[in-house]
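Read through the structure below, which is laid out as structure tokens, and then see the notes.
Each reported figure results from applying straightforward, stated rules to the coordinates on display, with no laboratory input. Bear in mind the structure is a predicted one, so any value in this text is a computation, not a measurement. Cβ sites come from the backbone with ideal geometry, for glycine too, and all protein chains shown count toward neighbours.
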Amino acid sequence: MNIYFAGMCIAMLFFLGISCLISRKVKNAEDFYVAGRKAPVILIAGSMIASYTSTGMFMGDAAEAYEGALSAMIVFAGMQSAGYILGAEFFGRYLRRSGAMTIPEFFGQRFCSGKMRTLSAVTAIIMMTVYLLSVIQGVGTLMNVVTGVSYNVCIVIAITVFTFISVVSGSRGVLITDTLMAGLFTVSMLVAVFFIAGKAGGWFSTVAALARAPETRALLTWEGRPGALYETGKDNMIWGISYGIVWCSVCAIGPWQSSRYLMAKDEHTVVRSAPIAALGVFILEFFACITAVLINALNPDIEQSSYVWIWAAMNVVPTFLGVILMTGVLSAGISSATTFLSLIGSSAANDLAASKGDKSIKIGRCFMIVASAVVAVCAITNPPAIFVIMQLGVAAAASSWMPVAVGCIFSKRMTKKGAFCGMFAGMAGCLGANLLRSFGGVYLPAYLDPAIIGIFCNIFAIVIGSSLTKVTEEEKRAKEKLFEMPESECDPAAVKKTLNWSRFGILVGVLMTAIMLVFWVIPFLTA
């Protein structure tokens, strides 16, 4: 057992202990599934950051940037950050107002349709199971490479830990451990970022050196290095913009993000947490990717580009910091996994099994254990494909949910039939396009990503389905009810404070621009 494995084991035991303590406060189904609807801003924002940040960012996104797709990665990172603010304002607060236990339940209430609730639950379980597989493969690969322990053993250890946390402490435990993990990997990564830059010769000097050298200049240009994603800079940017749209949708309405709003203590908490999550996610994504580019100055020949951060942690930073950093990346993966697993259990128990009370908790826990076992088998029997599987999960979320989520709030013409057809067509279109690309050998240009195809299928089906049916009076009342603000949310002091937080959302855009200018654009152009 090496020091990295020891550090990871200590961290996992710590989080297991925390979850055991929290489990004592779980009294009923509302505590287990929505944290008693009492979560403050820090826990909502921390959990959203943690559930987004996983091994997919450190081992998938960073690898693409290391190979030469920095610009495309930063474009989608900026666009997705806007999704938090848009989602909180135009979806999250209505979701919280509904009083639903799950997002599928919200869709069922909004369209007065049990079929809509069931379809939402099925699509949610599919997309979260796929994403969970990506995360666990990343965690297993990370532990295997860093510690030398067998990949299969690492998979079993990781699944045992996050299953225990989710099953024992429920959403309350997930929120608290997520926030602690978010703090750990954020601090450790930012400290490591500037230490790596110092070893490379200083941040601005390294950027200048890479910009001046013909063989590395493309790493920092808008076109990127040919072949990193696509052969041309134009296609790279089209991919970045299209995936920016997809990730903006996911951060706005994706179940592992927007479900946090159901746990907020009020609507003001929903709106206030969004700018923090947006800025936190952008900072992590930006520095994870651009530091991967700087590592080219230290080692341009890392054989497995997904190991770029692992190589830096084990060869560049001091051992103590490397242990903390790798433990932080592990925590990022486990925090995402606990969120996905918790949501799989809640959707299965509340929306498919239609159980309530203590029985709901028991059924949810059983579904979590079954889902963990299925994912473990898939992870062990299939080679890791972290970035590809992650893209599939994200694409499914945007394709099936985004148009329906927007329409259910703002459309007066969308009917339950249109919503059902749209969600089904979006998921089918996305999965079909992915199957054609992966197994049918069909080449899809950058502007026809499976997620974009799925979104268009969704919108088309909504229009057709809604045109053939009429909105019922029951559906009209359900929609109108979402716009009735409860008296408890109308306190003038709270409203004024929330408006100030909304203005901070504008400042977030300014800060993101400043970070890109200072750490990338200006030093590159100067060089």
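Summary table below
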| quantity | calculated |
| --- | --- |
| Histogram of C-alpha separations across the range 429-481, 5 Å bin width, % | 4, 18, 17, 15, 13, 10, 9, 7, 6, 2 |
| Unsatisfied cross-links (Cα-Cα over 19 Å) in the set 356/481; 359/481; 38/479; 265/496; 265/362; 38/496 | 356/481; 359/481; 38/479; 265/362; 38/496 |
| FRET efficiency for residue 20 and residue 359, using Cβ-Cβ distance with R0 set to 30 Å, rounded to 0.05 | 0.80 |
| Principal axes of the range 139-200: Cα extent on each, largest first, Å | 44, 30, 10 |
| Where GluC sites (Glu not before Pro) in DSSP loops with at most 12 other Cβ within 10 Å are excluded, longest remaining stretch of the chain | 1-214 |
| Of the chymotrypsin sites (Phe, Trp or Tyr not before Pro) in the range 472-527, those whose Cβ has at most 10 other Cβ within 10 Å and which sit in DSSP loop | 483 |
| Inter-part distance where the range 143-188 and the range 409-452 are each reduced to a Cα centre, Å | 32 Å |
| Spacing of the two label points (7 Å from each Cα toward its C-beta) at residue 500 and residue 304, in nm | 4.9 nm |
| Relative intensity, log₁₀ I(q)/I(0), of the range 177-252 from a Debye sum that treats every alpha carbon as a point, q = 0.17, 0.18, 0.25, 0.27 Å⁻¹ | -0.95, -0.98, -0.97, -1.01 |
| Projected label distance in nm at residue 373 and residue 463, using a 7 Å step from Cα toward the beta-carbon | 4.7 nm |
| Distant alpha-carbon pairs in the range 199-303 (separation over 22 angstrom), percent | 49 percent |
| Spacing of the two label points (7 Å from each Cα toward its C-beta) at residue 522 and residue 444, in nm | 4.0 nm |
| Size-normalised alpha-carbon gyration radius of the range 299-358, reference 2.2 N^0.38 Å | 1.82 |
| Nearest-0.05 FRET efficiency for residue 231 and residue 315, computed from C-beta distance (R0 25 Å) | 0.20 |
| Alpha carbon Rg of the range 440-527, scaled by the compact-globule rule 2.2 N^0.38 Å | 1.92 |
| Residue-span extension gain [residue 473 to residue 428] - 0.36 nm each, minus C-alpha spacing | 13.2 nm |
| Under the span-like rule (Cα at least 20 Å along the axis, Kyte-Doolittle mean at least 1.6), DSSP H helices of the chain | 3-23, 151-200, 386-410, 450-467 |
| P(r), alpha carbons of the chain - 10 Å bins starting at zero, rounded % | 4, 19, 30, 28, 14, 4, 0 |
| Pairs of alpha carbons in the range 1-160 whose separation is greater than 19 Å (percent) | 71 percent |
| Estimated FRET transfer efficiency (residue 191, residue 217; beta-carbon r; R0 22 Å; 0.05) | 0.15 |
| Length-normalised contact order for the chain - Cα pairs under 8 Å, 6+ apart - percent | 29 percent |
